[in-house]
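Below: the structure, in structure tokens.
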Amino acid sequence: MNDKRETMREDEKNALIQRLNSSSQYLQSNDMKVVDIDRGFARVEMIIDEHILNIHGFVHGGALFSLADTVAGAASFATGRDSVTLTGSINYIKPGKGGKLIGVATEISAGRTTGVYEVFIYNDEQVLLCRATFTMFFLDGERYRAQNKNESGESI
């Protein structure tokens, strides 16, 4: 996580968790829940049930990718900036099985227009299932530039 950032106040964390969990039908319909968040960091859990299993009885790769995308997005929102996914790549390491999935994202870098997030997904037995990297595009570039100008009007 970027060391220059302060941690979020508890009320800020709770408000953002509530916003993310209640405003997304996608999260709700896929049994995903943001459980922890801080500046450039998020943790999202997803229940493993028969709806997300592949033909072999393991968690479908698309479900793992979707969780990785969701947790990266939550971490980017925790910077105070709205974003969308620009790119994502994933390495599947072990087959997904267990009772739930736990996705953890941390910020690698955040610039004027993009942020890069590293994601690890574990099962409830703390077995690493996959690792992913996502680049998020910040939607509020003009506001960000305006906030980061010094007194002479130059961008910092």
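The values are calculated or read from the model by the stated rules, or taken from the named source; none is laboratory data. Here the structure is a predicted model, which means the values were calculated and not measured. Protein only, heavy atoms only, side chains kept; ligands, DNA and RNA dropped before computing areas. Shrake-Rupley method; radii C 1.70, N 1.55, O 1.52, S 1.80 Å.
Using the alpha-carbon atoms, what tilt in degrees (0 to 90, nearest 10) does helix 61-77 show relative to the longest principal axis of the chain?
Helix 61-77 sits at roughly 20 degrees to that axis.
Using Cα atoms only, what is the angle between the long axis of helix 10-23 and the major principal axis of the chain, expressed in degrees (0 to 90) to the nearest 10?
So the inclination is approximately 60 degrees.
For residue 100, which sequence-distant residues (separation of 5 or more, or a different chain) have an amide H within less than 5 Å of its own amide H, given hydrogens modelled in the peptide plane?
48, 124
Calculated from DSSP H runs of 4 or more alone, at -39500 (n - 2.57) each and per residue, what is the 222 nm mean residue ellipticity of the chain, nearest 500? Working shown, then result.
Details: 4 runs with 43 residues, N = 156.
My calculation for the chain gives -8500 deg cm²/dmol from helical runs alone.
So which aspartates and glutamates pass the test for residue 97, namely a Cα distance under 12 Å, with those fewer than 8 places away in the same chain ruled out?
Partners found: 49, 50, 124, 125.
Could you go through segment 95-104 in sequence order and give the Karplus-derived ³J(HN,Hα) for each residue, using 6.51 cos²θ - 1.76 cosθ + 1.60 with θ = phi - 60°, rounded to whole Hz, and x for Gly and Pro?
x, x, 8, x, x, 8, 9, 10, x, 10
At a 1.4 Å probe radius, carbon and sulfur cover how many percent of the accessible area of the chain? Please report the intermediate quantities before stating the final value.
Working: 4350 of 8740 Å².
For the chain, the apolar C and S fraction of the accessible surface comes to 50 percent.
Residue separation times 0.36 nm, minus the C-alpha to C-alpha distance between residue 28 and residue 113: what's the value? List each step's numbers first, then the result.
Numbers: separation 85, 0.36 × 85 = 30.60 nm, distance 2.89 nm.
Stretched out fully, the residue 28 to residue 113 stretch lengthens by 27.7 nm.
With a 1.4 Å probe and all protein chains left in place, how much accessible area per residue does segment 35-105 have, in Å²?
Working: 3140 Å² over 71 residues.
Per residue, segment 35-105 has 44 Å² of solvent-accessible surface.
So I have (i) 18.4, 57; (ii) 16.4, 62; (iii) 14.4, 46, and one of them is Rg and Dmax of the Cα atoms in Å calculated from this model. Which one is it?
Checked against the structure: label (ii).
Determine how large the accessible area of residue 133 is when every protein chain is in place; take a 1.4 Å probe and give Å² rounded to the nearest 10.
Estimated to the nearest 10 Å², residue 133 gives 40 Å².
Please work out how much accessible surface residue 128 shows to a 1.4 Å probe, ignoring ligands, DNA and RNA, in Å² rounded to 10.
The accessible area comes out at roughly 50 Å².
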